[in-house]
Each structure stands twice: as structure tokens, then as C-alpha cells.
Amino acid sequence: MRHLKRLRSPGMWLDEYSWEERMAFVKRRKCDSHSSERENRSRRTERRYKTYEGHYLEPRSQNQRLDFHDAYIYDHDFDMVCDENSREDLCRNADLDWHHYSKSSGRSGRSARSRRSSRRQRDKRRRRSHSRPGSSSTRSHHRRSRKRSRSVEDDDEGHLIYHIGDMLRARYEIVCTLGEGAFGKVVECIDHSNDGARVALKIIKNIDRYREAAVSEVEVLQQLKTLDCEKRYACVHMLDWFDYHGHICIAFELLGLSTYDFLKENNFQPFSVDHIRHMAYQIIRAVQFLHKNKLTHTDLKPENILFINSDYDMHYNREMKRDERKLKNPDIKIVDFGNATYDHEHHTSVVSTRHYRAPEVILDLGWDHACDVWSVGCILIEYYLGTTLFQTHDSKEHLAMMERVLGPIPRNLLEKTKKRRYVHRYKLDWDVHSSSGRYVRKHCKPLKHYMASRSEDHLQLFDLIEKMMEYDPAKRLSLEQALRHPFFSCYHKRSSSSSKRSSSSKKC
């Protein structure tokens, strides 16, 4: 008999062949295999699976296309023999395979063993459906819908497992991951309910303590938004929040890099004094706004201070022989109010990240708004140097570094401390000749020795930092006093000139 010729349209044969020729071909194909009907069925299923697994998604030669079409005709003829319910089940299983493939973008990540086991499970399901021709189609539909709707899952650390393009609340489409912390992750999203605006969505871990902190943060952000509806202060504004299967999600305006990330990407080159002045003024005003409303941030650090726009110009540094980034706009916003504490609330004994922790916190003397002032002082010197001033992870070593930079800790503080192991005869119990002592002596020096210039701007900046890093919180500079410091004299002139203009306009 002549070789059959086929068109590429599904299930369509050329009219030149008779019905007998077509049936003879089908019978010959069936007789080629000595396996049982069950083996034929699993073999056909395997061929279909390979197709949906993506092996044939590349361009194929003419012979490959004909072989593939043979398989299609063979399956089509077999479906005519099977009862209606069985055929529906086969088609639905094929749909399930394709759905899985499309969600995994061709890389399901499964091992060969898992693929074989899943194949065996599908064969068992088909055999059951063939043995029960009256099985309900609604049950099979339920199986398909359950497989299609991917359940919400968390990883071992409590993070929400998500993929690019996922939609939360049918509103926020995930674009990319912006950052990750102990609390959870921050992702960039498209807000489809706000003309496609880009927002930052903070997704909290599905763990009780982080969820409770997030609920507290939402309450703080709601109050700050009410108190600062005109956005006069550099505190980030919350746009929306919701609970997504145990994950508190908070939507914010989309900002630029954090000040720490900008330093890191710029090879830890310090900011200019002018930029430090601008950022410091905004930070101090924002934190003073918190203190006026009886709130302490307690976790101020460069990672929690974000640029509104972190665009930059590239300049070549001839001395260092490398390109460096120069920030275009130093406007900032303070973020992360998850640990913010009201004056009337319980004050935990330990607050702040290690490198920005005030001495009264380390010595367990209690803390108040002044611990934020110390943190701001540490941040400003880090902006000036490009690196952290106190690079340690041990409390006693941390206190030793403070003494190396700022002088001895006052006796009255050491007398009152509950941490007696840090103190010996009303002095810090520290051996300067130990390996740790040599490390501190090598990596730290008196504060004024860090000055790169003796110009007036540099002297004023270091005077401000020194007063903000006073040991005794009762003697430490308040933020209201800091705003009146000579380092910010240019802002005083602007405010006085603007007040004169407003008064003159009222007279007119």
C-alpha cells in the first residue's frame, strides 16, 4: 500500500484515500505493538507528556512534524473507541500538564524520579476512570480547579512564596524584589487600582511576633499620616495595608536606594559635607516630629533612611583612579516604624541595631528619646567616613570603642548599671593589652582625628556629632537644640527670610 500523505490540519486526511485504506493503516499501527492495551495507553500518555514538557516546542523538521502528527491521529482514533467520560478525563489531564508547564516557564525543577512518579499517578487515575465509566465529571472538574489555583505557601523562614507577575488582592502585581530583612521582604508592585502607579509593598513574615510588630507599625503610620497630612516631615507615608493569608502587607510610596546601599554601591565613598548637611537637617526634623508626638523610633540606621530618588552623575576621581557616583538629589525619607515606641508603652531593655545603640541601652540604664539622638550622631559620622564607626558585635568591646573615640565613660553611669560584669572598681573592665584591646586601638581613634579638613564646615559638623554622642542622656543635645546648631545656619537664614516675606505680605 502506498505511504499515506497527511495534511497539517488536525485529524484531516486527503480525499484521495478510501475509508478502507485509512482503517487498514490504523489497524496496522495497533498491531505493531505487542504490549497490552494498558501499556499502549501509558505509552501514549508518555508521548503526550513529553510534548507538554516542552521537548517539542523548538522548530521541528518535516519528518518530526509527520511523526508528531502520526501520534496525534493515533490518539484521536483511540479516543473514538473510548467512552465519552474517559476521553474527557484524558483531555483534562493534558490541560493540567500544560498548566503546570506554563506556570513553571519550562523549568519545573522536578527530578526524573518525581516526573516518573507523577506519570504513574496519572496512569492510575486514568485506569480508575476507565474502570468506572460513570464517574462524575464534577469530581474531575474539582480536581482540575484545585490544581489550577496555586495555594498560598510560605518557606521555612515564614516568607511568602511569590513569583513575578503574581497578583495580591487582584490589585498589586509583583514586579521584582527590592529587599529582604528579618521582618520579611519588600517588593515593587504595580497598583492596578491607581492607574498603574508603582508602589513598594512590604510583606511581613507569617510569624506571630513579626505580625504583631507589623500591626503596631500600621497604627503608628496611620497616626503619622493624620498628623502630617501635608507631608512636611521626612517620614514615609503608608498608602494601604491588608492581611494576605497571615502576611501583613503594607503599601508605601516607591522610593530610591537606602543611604547604606548607595554607600555600598559607591565603594563606600563618603558623602560630601553639603549632602550630609541636607540629609542631617531632614533626618533631625523628622525625628523631632516623632519626639514631639511622644514617639521614639528606636531603630535609626542608614538602612532605614531612603533617598526619594537615588539617581546620580558619574565622575572620575583622579586621586583614587576610579569612577565615583555623585548624588543628584539628597532628599530622604525615614522608614521602618515596626519598633517605634510611645512614651507610655513598655520599653524593652534592648533596642536599636548594635552599631547605633546608645551606651545607656548597653548598660541597661533605661532609655528615652535621647537614644535616637545618639543613633543620628552615629549615622552622620558614617556618612562622613563612608564606614561604620563602631564595627563590633560584642557589648564590652563596643563600650571600649566608645571610650577610645569619646573618652572615659562617666563614673555615675557605671555606678548605676545593672551589667556589673562590664565594670571593675567603677571603670570599664577592659584589658588594653589583650587581642581585643589591640583590635580596638588599631581600628578606633579619638573623634577629632577623623576630620579630613579643618575648614569651618567640618569643625561645625564634628562639634554637632560630639554633642549628639554625649554619654549621659540627660546632658545629650536635644534635636530641637540640634536644629539651632551653627552647622545648619544656612537653613536659619532661609527660614527667617521666608518668615519676613510672609509677615510683609500680611501687612500688605
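Below, the figures for the structure above:
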{"item": "Residue ID - surrounded by the fewest Cβ atoms within 10 Å (Cβ to Cβ), chosen from residues in the stretch 304-346 that are among the aliphatic types (A, V, I, L, M) and part of a strand (DSSP E or B)", "result": "Met314"}
{"item": "Residue check, Ser395 more than 14 Å from Pro473 (Cα to Cα), surrounded by 12 or more Cβ atoms within 10 Å (Cβ to Cβ), of a type in the set (Ser, Thr, Tyr) and in the same structural domain as Ala280 (by TED's automatic domain parsing)", "result": "yes"}
{"item": "Residue list for the stretch 291-321, filter: modelled with pLDDT of 95 or more and of a type in the set (Lys, Arg)", "result": "Lys292, Lys294, Lys301"}
{"item": "Condition check for Lys418: in contact (Cβ under 8 Å) with a residue 12 or more places away in the chain, assigned to a helix (DSSP H, G or I) and surrounded by fewer than 18 Cβ atoms within 10 Å (Cβ to Cβ)", "result": "no"}
{"item": "Unmet criterion (only one of (1) touching a Ser or Thr at 6+ places or on another chain (Cβ under 8 Å); (2) closer than 22 Å to Gln269 by Cα; (3) exposed (fewer than 12 other Cβ atoms within 10 Å of the Cβ)) for Ser453", "result": "(1)"}
{"item": "Every pair of residues 6+ apart whose Cβ atoms lie under 9 Å, when the first sits in the stretch 229-244 and is farther than 22 Å from Asp191 by Cα while the second is of a type in the set (Lys, Arg) and surrounded by 13 or more Cβ atoms within 10 Å (Cβ to Cβ)", "result": "Arg232/Arg285; Tyr233/Arg285; Ala234/Arg285; Ala234/Lys333"}
{"item": "Matching entry among Lys294, Lys301 (being surrounded by fewer than 14 Cβ atoms within 10 Å (Cβ to Cβ) and out of contact with any Gly (no Cβ under 6 Å at 6 or more places or on another chain))", "result": "Lys294"}
{"item": "Residues located in the stretch 451-487, provided they are assigned to a loop (DSSP other than H, G, I, E, B) and closer than 16 Å to Ile276 by Cβ", "result": "Met451, Ala452, Ser453, Ser455, Met469, His485"}
{"item": "Count - residues of the stretch 165-190 that are assigned to a strand (DSSP E or B) and either over 8 Å from the mean Cα position of the chain (by Cα) or not basic (Lys, Arg) (or both)", "result": "17"}
{"item": "Residues satisfying the stated conditions in the stretch 184-209, i.e. buried (at least 19 other Cβ atoms within 10 Å of the Cβ) and not hydrophobic (A, V, I, L, M, F, W, C)", "result": "Gly184, Lys202, Lys205, Asn206"}
{"item": "So Cys176, is it without any contact (Cβ under 8 Å) to a residue 60 or more places away in the chain and outside the structural domain of Ala340 (by TED's automatic domain parsing)", "result": "yes"}
{"item": "Qualifying residue in the stretch 284-300 (condition: assigned by TED's automatic domain parsing to the domain that holds Ala482, part of a helix (DSSP H, G or I), more than 25 Å from Cys371 (Cα to Cα) and without any contact (Cβ under 8 Å) to a residue 24 or more places away in the chain)", "result": "no"}
{"item": "Matching residues, the stretch 149-164, being in a strand (DSSP E or B) and surrounded by fewer than 16 Cβ atoms within 10 Å (Cβ to Cβ)", "result": "Asp154"}
{"item": "Test for Met469: is it under 21 Å from Tyr281 (Cα atoms) and surrounded by 14 or more Cβ atoms within 10 Å (Cβ to Cβ)", "result": "yes"}
{"item": "Looking only at the stretch 255-299, and only at residues there that are among the charged types (D, E, K, R) and over 22 Å from Ser489 (Cβ atoms), the one that is nearest to the chain's Cα centre (by Cα)", "result": "Asp261"}
{"item": "Residues that are part of a loop (DSSP other than H, G, I, E, B), buried (at least 20 other Cβ atoms within 10 Å of the Cβ) and either polar (S, T, N, Q) or not assigned by TED's automatic domain parsing to the domain that holds Val287 (or both), drawn from the stretch 351-387", "result": "Ser352"}
{"item": "Residue list for the stretch 263-310, filter: closer than 29 Å to Thr348 by Cβ and touching a Lys or Arg at 6+ places or on another chain (Cβ under 9 Å)", "result": "Gln282, Arg285, Ala286, Phe289, Ile305, Leu306"}
{"item": "Checklist (1) within 30 Å of Met314 (Cβ to Cβ); (2) surrounded by 17 or more Cβ atoms within 10 Å (Cβ to Cβ) applied to Lys264, failing item", "result": "(2)"}
{"item": "Residues being part of a loop (DSSP other than H, G, I, E, B) and more than 22 Å from Tyr384 (Cβ to Cβ) - total across the stretch 426-450", "result": "7"}
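The values are calculated or read from the model by the stated rules, or taken from the named source; none is laboratory data. Just so you know, these numbers come straight off a predicted model, no measurement behind them. Glycine gets a Cβ as well: all are built from the backbone with ideal geometry, and neighbour counts include every protein chain shown.
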